[in-house]
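This report refers to the structure that appears directly beneath it.
The values are calculated or read from the model by the stated rules, or taken from the named source; none is laboratory data. These numbers come from a predicted model, not from an experiment. In this analysis, Cβ positions are derived from the backbone assuming ideal geometry, glycine residues included, and neighbour counts consider all displayed protein chains.
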Amino acid sequence: MKHTLQLFSGVIIALTSCVITSPVYGAELTSQTIRGLVIDAELGTPLPGANVMMVDPAMPKGAVTDKNGEFRIEDVPVGRVSIRVSFIGYEERHFSNQMLSSGKELYIEAQLVQKIDQIDEVVVKAHGRKDKAINDMALISARSFSIEETERFAGSLGDPARMVSNYAGVMTQNDSRNDIIIRGNSPMGLLWKMDGIEVPNPNHFGASGTTGGPVSILNNNLLTNSDFYTGAFPASYGNALAGAFDLRMRPGNTNKHEYVGQVGFNGFELGAEGPFVKGYRASYLVNYRYSTLDVIKKLGFDFGTGAAVPEYQDLTYKIEVPTKKAGTFSFIGMGGISYIFFQHDTVSNSYNSGSIDTKFGSGLGLTALTHTYIFSEKSRLKTSVSGQYSNSYTSLDSAITDVGNQPLLKPYLRNNLMSNTFAAHIDFKTRLNTRNTFGIGTSSHLTRVTFTDSATFDSPDGHFLPRIDINEDVMLIKSFVEWKHKLNNSLSLYAGLYSQYFDLNNQTSLEPRLSALWQASNKQSVSFGFGVHSQLQPFVTYFAQSFDSSLHRYILTNAQVKFSKSNHYVLGYDYLIAPNLRVKAEAYYQNLYNIPVSRKEPDFSMLNAGDFFYIPLYDSLQNKGTGRNLGIDLTFERFLSNGYYGLLTASVFDSKYKGYNGKQHSTGYDGGYVVNALAGYEWKLKSNNFLTFDIKMVISGGKRYTPIDVDKSKEAGDVRYNWDRAYGNQHPYFRADVRFGYKINGSRANQEWAVDLQNVTNYENVFMEWYNFETNQTELITQTPFYPMFLYRINF
């Protein structure tokens with residue numbers, strides 16, 4: 001704690017010094033440009049002639065969008081700015097308190113909703129919700145978020161996944177990973193998308209079949225406002241049980257070249273953007289990062305990996321080429337590699353047992369070409385082709401001592417899980433009239449899986465036995481149709497149908513989706529949603545094999561495993577107390593069925609897999625498991641205004657499952673409750689500089705785990721669990737994070753200095769239970785202790 005207080009004091013002194021010694025720019029008013037795009041919310045078609053005005057009596061500036069829906073407002077003083085966007089026949093949209101910095105033009109994409117032409121009708125006009133989903137088909141359990149929030153919230157570290165854990169219905173259980181647990185579901189139930197392209201796992205150290213990891217490959221410097229769904233999502237999203245993350249990458253600046261340099265949690269970073277040719281609308285956007293955790297380790301701070309140091313790097317880019325008649329072509333790419341070596345030690349950590357040598361690595365590559373063609377102001381067609389590469393590999397060796405008490409490594413496990421996917425997608429959307437919008441789409445995903453996995457722990461002679469050895473092509477075909485009908489300007493109805501087909505076992509699923517939104521008054525709305533959802537198992541599950549003694553060969557026993565399924569019901573209420581203050585409540589019930597379970601391990605369920613660096617391998621799985629999640633999510637939010645914001649979310653929920661034996665247990669994600677409290681304040685210093693302070697506290701039921709049976713483990717020489725108390729142990733979780741920041745706006749560049757104090761109270765949260773083979777006793781492993789994370793960024 002003494003070390004914490006010393007660092008805390010040092011941070012205050014350092015930031016104060018920056019304020020005192022930084023240049024004073026008050027003598028010269030620094031200005032910048034606001035640029036952006038105004039489009040139809042349902043179709044994405046440009047709206048030429050829209051009015052964009054500054055909401056500031058002292059700054060009566062504005063612009064009118066050109067034929068491409070684009071606008072520019074130049075010579076705007078830096079700082080917080082607000083604009084109003086309007087267009088005849090559309091609802092007005094406000095963008096409040098956007099940060100305009102001197103080193104980078106501010107990009108705003110305004111999506112306007114068309115009004116219904118009605119005569120002699122009293123129109124209930126809702127105040128523009130700042131968190132309204134970008135996808136206008138989403139009527140419930142969806143919200144948009146700004147990329148600024150991924151940095152503003154303490155503890156988020158610029159990671160969208162860590163940021164959304166502050167929202168109601170979402171929690172994390174592991175400080176060392178960014179897994180998203182939605183309403184008691186496994187993080188495996190999350191769908192990731194980038195610019196409409198599905199991404200398997202956009203994280204470093206991401207294992208095959210999982211959706212999270214310790215460090216995100218996603219780069220928030222390249223993203224724009226995006227959507228996050230927590231259930232009952234529209235039919236355009238599928239193959240997911242829990243939720244969806246629909247991220248969007250912004251286009252590069254088409255008018256000037258801009259650059260960014262950054263050092264922070266995600267690494268040393270360099271980025272550039274700009275036009276290929278001045279005066280032509282084609283642009284590029286590229287960013288490269290390399291890990292910095294080696295530096296943090298040398299400073300003496302522990303981030304939960306013991307003596308091991310994670311190594312990673314990534315590259316992200318986007319090229320956008322508009323044409324006069326052939327539509328717009330967009331090329332995106334994202335790739336990352338990571339590696340870590342845990343050498344056996346006397347102390348376990350959040351990732352590794354003290355008696356195991358572990359080598360783990362992963363790789364991800366994605367490239368895609370998207371073509372958008374606008375037939376008219378009422379119809380558009382989007383097609384895309386993409387290629388993806390995903391790989392993870394693991395090497396485990398048990399550290400034992402020989403008769404001479406010398407260390408000896410015994411081979412334990414080897415695996416290499418690689419997949420290559422080629423996908424094609426087509427999506428057509430049209431507005432039939434002001435009341436009806438129709439969409440249809442289909443996609444095909446062809447994947448070559450090359451999996452090898454072998455272990456010695458089931459071998460009588462200590463030799464490796466193959467658990468998986470496969471090289472196979474599989475195909476998933478997905479389709480959807482959706483329709484939105486506006487009865488009037490207050491009541492909207494949505495109906496959709498999603499289907500998917502998996503050729504490995506000829507499984508098909510048809511899934512209806514329904515939702516409704518009633519704008520009861522200017523400030524109140526009620527919503528309802530229902531959806532049937534299904535999800536493939538991780539590919540590695542289908543190819544687990546066992547030896548058939550009668551056939552004298554290995555056979556696949558999981559190839560016929562069906563989709564996991566769920567029915568999701570949600571009822572919501574939203575009340576806008578004031579333009580910047582609102583309260584929201586959602587109650588939900590989710591029934592899960594067709595869940596793979598194991599006869600050999602009757603308390604096992606796939607509902608509990610997906611939050612670590614591997615997917616449990618069991619053969620002969622059967623779709624006889626069930627589960628259910630129910631709860632209430634509450635949100636009280638004050639949006640940023642007059643320099644400060646606040647967010648209070650609370651969720652009370654119950655998550656249960658039944659395995660092969662029919663016994664009901666809490667799932668591994670049944671935290672029971674979670675409360676998040678966040679607040680922040682921003683001081684404007686002189687004319688151009690800002691000092692920021694943000695704090696976050698979270699209290700929850702904590703991570704559940706199954707206790708170890710010490711006697712059976714000692715007898716077997718391997719870990720054995722007490723499955724009669726499956727996921728029965730739990731310790732309360734508490735964490736507080738604090739962030740200080742200082743932003744300096746110069747005449748040509750802006751700088752930002754920040755420090756994020758993670759777990760500032762150094763509270764020891766229990767992570768899990770390990771079995772110590774040296775002492776034949778169990779040990780409680782705690783999560784990440786206090787550590788600081790520094791950030792420096794310059795835009796020019």
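Computed values, structure above
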{"read-out": "Single unsatisfied condition, L504 versus (1) free of Cβ contacts under 8 Å to residues at least 24 places away in the same chain; (2) in contact with a Phe, Trp or Tyr (Cβ under 8 Å, 6 or more places away or on another chain); (3) aliphatic (A, V, I, L, M)", "value": "(1)"}
{"read-out": "Looking only at the range 598-622, and only at residues there that are more than 21 Å from Y554 (Cα to Cα) and among the hydrophobic types (A, V, I, L, M, F, W, C), the one that is surrounded by the most Cβ atoms within 10 Å (Cβ to Cβ)", "value": "L607"}
{"read-out": "Single residue of the range 762-781 satisfying the filter (surrounded by fewer than 17 Cβ atoms within 10 Å (Cβ to Cβ), closer than 30 Å to L408 by Cβ and out of contact with any Phe, Trp or Tyr (no Cβ under 9 Å at 6 or more places or on another chain)) that is modelled with the lowest pLDDT", "value": "E774"}
{"read-out": "Strands (runs of 3 or more DSSP E) wholly inside the range 498-581 that include at least 1 residues being at pLDDT below 95 and more than 24 Å from A138 (Cβ to Cβ)", "value": "545-548, 553-556, 564-578"}
{"read-out": "Residue tally, condition crowded, with 21+ Cβ neighbours inside 10 Å and more than 22 Å from N415 (Cβ to Cβ), over the range 528-562", "value": "5"}
{"read-out": "Candidates F87, F153, F71, F145, filtered to the one that is within 27 Å of L43 (Cα to Cα), of a type in the set (F, W, Y) and at pLDDT below 95", "value": "F145"}
{"read-out": "Residue match in the range 401-410 (condition: in a strand (DSSP E or B), touching a Phe, Trp or Tyr at 6+ places or on another chain (Cβ under 9 Å) and either on the phi < 0 side of the Ramachandran plot or modelled with pLDDT of 85 or more (or both))", "value": "no"}
{"read-out": "N225 within 14 Å of the chain's Cα centre (by Cα), at pLDDT below 95 and more than 28 Å from G672 (Cβ to Cβ)", "value": "yes"}
{"read-out": "Residue check for F233: crowded, with 24+ Cβ neighbours inside 10 Å and hydrophobic (A, V, I, L, M, F, W, C)", "value": "yes"}
{"read-out": "Close pairs (8 angstrom Cβ cut-off, 6 or more residues apart or separate chains): free of Cβ contacts under 8 Å to residues at least 40 places away in the same chain in the range 556-568, of a type in the set (F, W, Y) and surrounded by fewer than 17 Cβ atoms within 10 Å (Cβ to Cβ) anywhere", "value": "N567/F530"}
{"read-out": "Test: V760 is in contact (Cβ under 8 Å) with a residue 24 or more places away in the chain, within 25 Å of the chain's Cα centre (by Cα), within 30 Å of N221 (Cα to Cα) and assigned to a loop (DSSP other than H, G, I, E, B)", "value": "yes"}
{"read-out": "Test for V698: is it among the hydrophobic types (A, V, I, L, M, F, W, C), over 30 Å from E105 (Cα atoms) and at pLDDT 90 or above", "value": "yes"}
{"read-out": "Any chance L691 is surrounded by fewer than 19 Cβ atoms within 10 Å (Cβ to Cβ) and either more than 22 Å from the chain's Cα centre (by Cα) or more than 30 Å from W770 (Cβ to Cβ) (or both)", "value": "yes"}
{"read-out": "Any chance Y771 is of a type in the set (F, W, Y), more than 30 Å from R80 (Cα to Cα) and outside any strand (DSSP E or B)", "value": "no"}
{"read-out": "Test: residue in the range 600-608 that is at pLDDT below 95 and more than 24 Å from G671 (Cα to Cα)", "value": "yes"}
{"read-out": "Selected residue (only one of L100, L47 is modelled with pLDDT of 90 or more, touching a Phe, Trp or Tyr at 6+ places or on another chain (Cβ under 6 Å) and crowded, with 20+ Cβ neighbours inside 10 Å)", "value": "L47"}
{"read-out": "Count of residues meeting criterion [surrounded by fewer than 18 Cβ atoms within 10 Å (Cβ to Cβ) and within 18 Å of V583 (Cβ to Cβ)] in the range 508-527", "value": "7"}
{"read-out": "Odd one out for E715 among (1) crowded, with 18+ Cβ neighbours inside 10 Å; (2) part of a helix (DSSP H, G or I)", "value": "(1)"}
{"read-out": "Those residues of the range 782-794 which are surrounded by 20 or more Cβ atoms within 10 Å (Cβ to Cβ) and part of a strand (DSSP E or B), in sequence order", "value": "Y787, M789, R793"}
{"read-out": "Residue match in the range 162-169 (condition: modelled with pLDDT under 95 and touching a Lys or Arg at 6+ places or on another chain (Cβ under 6 Å))", "value": "no"}
{"read-out": "Residue, surrounded by the most Cβ atoms within 10 Å (Cβ to Cβ), within the range 50-83, restricted to residues that are charged (D, E, K, R) and under 30 Å from Y681 (Cβ atoms)", "value": "R80"}
{"read-out": "Members of the range 316-326 found to be crowded, with 17+ Cβ neighbours inside 10 Å and either modelled with pLDDT under 95 or under 22 Å from the mean Cα position of the chain (by Cα) (or both), listed by number", "value": "T316, Y317, K318"}
{"read-out": "Residues that are surrounded by 17 or more Cβ atoms within 10 Å (Cβ to Cβ) and either among the polar types (S, T, N, Q) or modelled with pLDDT of 95 or more (or both), drawn from the range 469-478", "value": "V474, L476, K478"}
{"read-out": "Identity of the residue in the range 595-636, of a type in the set (D, E) and in contact with a Phe, Trp or Tyr (Cβ under 8 Å, 6 or more places away or on another chain), that ends up nearest to N201 (Cα to Cα)", "value": "D611"}
{"read-out": "Residues being in contact (Cβ under 8 Å) with a residue 60 or more places away in the chain, over 18 Å from V385 (Cα atoms) and not charged (D, E, K, R) - total across the range 304-336", "value": "5"}
{"read-out": "Criterion (surrounded by fewer than 22 Cβ atoms within 10 Å (Cβ to Cβ), over 30 Å from R448 (Cα atoms) and of a type in the set (A, V, I, L, M, F, W, C)) met by exactly one of L497, L491", "value": "L491"}
{"read-out": "So I340, is it outside any loop (DSSP other than H, G, I, E, B), modelled with pLDDT under 95 and under 27 Å from the mean Cα position of the chain (by Cα)", "value": "yes"}
{"read-out": "Residue satisfying condition, being modelled with pLDDT of 95 or more and either in contact with a Lys or Arg (Cβ under 7 Å, 6 or more places away or on another chain) or polar (S, T, N, Q) (or both), within set N203, N174", "value": "N203"}
{"read-out": "Evaluation of E105 against (1) at pLDDT 95 or above; (2) surrounded by fewer than 17 Cβ atoms within 10 Å (Cβ to Cβ) (one fails), failing number", "value": "(2)"}
{"read-out": "The range 675-687 residues that are surrounded by 16 or more Cβ atoms within 10 Å (Cβ to Cβ), paired with ones that are in a strand (DSSP E or B) and polar (S, T, N, Q) (beta carbon under 7 Å, 6 or more apart)", "value": "N676/T649; G680/T692; E682/T692"}
{"read-out": "Tally of residues being in contact with a Lys or Arg (Cβ under 8 Å, 6 or more places away or on another chain) and closer than 18 Å to N166 by Cβ across the range 697-722", "value": "2"}
